[in-house]
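Peer 1: Structure below; questions to follow.
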């Protein structure tokens, strides 16, 4: 009998396990509670916040894909961030995070620091000398976002993990932009892989969710306990929708990638584009690292237009297909203005330090017809003039 690959096993998670009626797709268990056999004798599940059969299928599939000891799916990507901070950063502890982190992560860390719950240092983790300097002092957690949001900088997961280990810090990698199919953080030395499953894993912009996959069984059990205690676990229906999306992830990513490369070609070298950020370009400063660390370049593209905010307005005026909206990774193409949308909570000083300007646009390339995507982008670039 052929040995099935990890992706095939994960994509088929839970299929054909219904012994009662023979359903191919496992049913959704919407019940909030489950009967005990007797006092003190619970079944495998007793209350759905603590454990749910539908959520179990998703958790097992994500852990399998990431090569981890276990997965915990929660209500959002930010819930996943909260879970790890509460479970593994002591009061007064220190986090080292990227200076160009997702705006919601930056906001949470900054707000927690303002209350005295923790301290946080934002540094350019894509530069190993800056990472080493930050980790020359004790730290409890290193938060890596690679590729970063929105400027797609690449952090050397293995190298930073080695530095973190010397100071005893836990290493978390936000793997949202790549998904487990394009990057394997745990195999590179990270302790946790985090996802906003809202994005590529669910992939249809119709369910909010997050996940934490732990490298060790001990850490996984701690995440399970804290997720239950904090009330962060996701619903059965959300788990069902996310698992439905996961089953087509491999196929979707292939089309996303083909389309993204075509759109990059339309941007690259155009006089209306001052800077283009995409790790698949040979002139990207982290191109060689991206080739070693990732099995694909992803389908997020960030461009800085020549002409500032006025150029952005001209580009967006009449733009077809690409909806002006937050989020990414869905089947539909989106464009985002980070300075006023996803990263609006950052101070002007933090935006400048991260390199995010009023001329920055982030594109999530969907699975529409490639020629149409190229045509509308080319038309918009000509409007910029």
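Peer 1: I'd like the antiparallel share, as a percent to the nearest 5, of DSSP beta bridges with both residues in the chain. Before the final figure, lay out each step's value.
Peer 2: Values: 24 of 42 bridges.
In the chain, DSSP labels about 55 percent of beta bridges as antiparallel.
Peer 1: Grab the Cα-Cα distance for residue 165 and residue 313, subtract it from 0.36 nm times how many residues apart they are, and report the gain in nm with one decimal.
Peer 2: Details: separation 148, 0.36 × 148 = 53.28 nm, distance 4.59 nm.
Stretched fully, the residue 165-residue 313 segment lengthens by 48.7 nm.
Peer 1: Right, something else. Rounded to the nearest 0.05, what FRET efficiency do residue 17 and residue 45 have when you use their Cβ-Cβ distance and R0 = 22 Å? Mind showing how you got there, number by number?
Peer 2: Values: r = 15 Å, r/R0 = 0.68.
The pair residue 17/residue 45 has a calculated efficiency of 0.90.
Peer 1: Fewest Cβ neighbours within 10 Å first, please rank 47, 240 accordingly. Let's see the in-between values first.
Peer 2: On the way: 47 13, 240 22.
By the 10 Å Cβ count, ascending: 47, 240.
Peer 1: In what order do 273, 72, 89 fall by count of nearby beta-carbon atoms within 10 Å, going from fewest to most? Don't skip to the end; give the middle numbers.
Peer 2: Numbers: 273 19, 72 31, 89 22.
So the ranking, lowest neighbour count to highest, is 273, 89, 72.
Peer 1: Normalise the Cα radius of gyration of the range 6-246 by 2.2 N^0.38 Å (N = residues in it) and let me know the number.
Peer 2: Details: Rg = 18.3 Å, N = 241, 2.2 N^0.38 = 17.7 Å.
Scaled against compact globular proteins, the figure is 1.03.
Peer 1: So between residue 216 and residue 383, what do we pick up on full extension, going 0.36 nm a residue minus the alpha carbon distance? Working shown, then result.
Peer 2: Numbers: separation 167, 0.36 × 167 = 60.12 nm, distance 5.24 nm.
Gain on extension, residue 216 to residue 383, equals 54.9 nm.
Peer 1: Would the range 249-384 count as rounded, prolate or oblate if I go by the C-alpha gyration tensor, calling it rounded below 1.5 in a/c and otherwise prolate when a/b exceeds b/c, oblate otherwise? Mind dumping the intermediate values first?
Peer 2: Details: a/c = 1.44, a/b = 1.15, b/c = 1.25.
In terms of gyration-tensor shape, rounded.
Peer 1: Moving on to the next point. Give the order of 204, 195 when sorted by the count of other beta carbons within 10 angstrom, beginning with the fewest.
Peer 2: Values: 204 16, 195 30.
In increasing order of surrounding Cβ atoms, one gets 204, 195.
Peer 1: Say R0 is 41 Å: what FRET efficiency, to the nearest 0.05, do residue 265 and residue 4 get from their beta-carbon distance?
Peer 2: Values: r = 36 Å, r/R0 = 0.88.
Between residue 265 and residue 4 the formula returns 0.70.
Peer 1: Using the alpha-carbon centroid of each, what span in Å lies between the range 124-155 and the range 264-304?
Peer 2: 20
Peer 1: Hey, can you rank 49-57, 206-214 by average C-beta count inside 10 Å, highest first? Let's see the in-between values first.
Peer 2: On the way: 49-57: 20.4, 206-214: 24.6.
The densest-packed peptide leads the list: 206-214, 49-57.
Peer 1: Determine the distance separating the Cα centre of the range 48-101 from the Cα centre of the range 163-235; give it in Å without decimals.
Peer 2: First find each Cα centre; the distance between them is then 4 Å.
Peer 1: What FRET efficiency do you get for residue 119 and residue 250 if R0 is 45 Å and r is their Cβ-Cβ distance, rounded to the nearest 0.05? Write out the running numbers ahead of the final one.
Peer 2: On the way: r = 41 Å, r/R0 = 0.90.
Taking R0 as 45 Å, the efficiency between residue 119 and residue 250 is 0.65.
A short reminder: the numbers here are calculations on the coordinates, not readings from a lab. Given the structure is predicted, the values throughout are model-derived calculations rather than measurements. FYI the Cβ positions are ideal-geometry reconstructions off the backbone, even for glycines, and counts take in every protein chain you see.
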